[in-house]
1. Rounded to the nearest 0.05, what FRET efficiency is calculated for TYR102 and GLN39 with R0 set to 30 Å and r the Cβ-Cβ distance?
2. Using a 1.4 angstrom probe on the protein heavy atoms only, line up TYR102, TYR60 by accessible area, largest first.
3. Which whole-number value in Å² is the accessible area per residue of segment 5-121, probe 1.4 Å?
4. Could you compute the FRET efficiency for GLU89 and GLN113, with r as their C-beta to C-beta distance and R0 at 30 Å, rounded to 0.05?
5. Express in nm, to one decimal, how much length is gained between SER120 and SER7 on full extension, taking 0.36 nm for each residue of separation and deducting their alpha carbon distance.
6. So how much accessible area does LEU11 have, in Å² to the nearest 10, using a 1.4 Å probe?
7. Taking 0.36 nm per intervening residue step and subtracting the Cα-Cα distance, what contour gain separates ASP73 from ARG31 on full extension?
8. Quick one: ranking ASP90, ASP73 by accessible area, 1.4 Å probe, largest first, what do you get?
Amino acid sequence: QVQVVESGGGLVQSGGSLTLSCAVSGFTFSRYAMSWYRQAPGKERTLVATFTSPGGMTNYPDSVKGRFTISRDNAKNTVILQMNSLRPEDTAVYYCYAVGYYTDNTSIRSWGQGTQVTVSS
C-alpha cells in the first residue's frame, strides 16, 4: 500500500520561501512520476511541478517556473518542493501525488492529505 504524507506548509510573507516535503512509503518503482498540485478555495486543483523517473525530468507551469523547484531525495524516499519568491496568489492547499508504473504499464496512484501554504501580502 502506497502512503503519501506532506509536510512543511505554513504562513510566510510575500517574497519569502518555503520547503514542502512529501514522504512516500510502500513505493519502490523504477518508473514513476511524483507531482505537486495545489488547490485554492473555490478553484480547481492544478499542477505545480512534476518529477519523472527514469531520467529525472521536471516540468512546471509558467505560473511557478523559475520560482519553484522539485527534486527527489532517494535516500529518504522523499520529494521536495522548494518555493521561492512566494506571492499571495500561491496561497493554497498543496498536495503530493505519486504514480508508480508496473512493467505492464498499469499504475498505482496515491494522493497525500495536503498541506496549507498561506502567503501574506
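The values are calculated or read from the model by the stated rules, or taken from the named source; none is laboratory data. This structure is a prediction, so every number in the text was calculated from the model and none was measured. Glycine gets a Cβ as well: all are built from the backbone with ideal geometry, and neighbour counts include every protein chain shown. Note: accessible area is taken over every heavy atom of the protein model, side chains too, but ligands, DNA and RNA are not part of it. Shrake-Rupley method; radii C 1.70, N 1.55, O 1.52, S 1.80 Å.
1. On the way: r = 29 Å, r/R0 = 0.95.
That pair, TYR102 with GLN39, gives E of 0.60.
2. Details: TYR102 100, TYR60 40 Å².
Largest to smallest exposure gives the sequence TYR102, TYR60.
3. Details: 6130 Å² over 117 residues.
Value returned for segment 5-121: 52 Å² of accessible area per residue.
4. Values: r = 23 Å, r/R0 = 0.76.
For GLU89 and GLN113, the calculated efficiency is 0.85.
5. Computed gain between SER120 and SER7 is 38.7 nm.
6. Near enough 130 Å² of accessible area.
7. 13.6 nm
8. Details: ASP90 0, ASP73 55 Å².
Listed by decreasing accessible area, they come as ASP73, ASP90.
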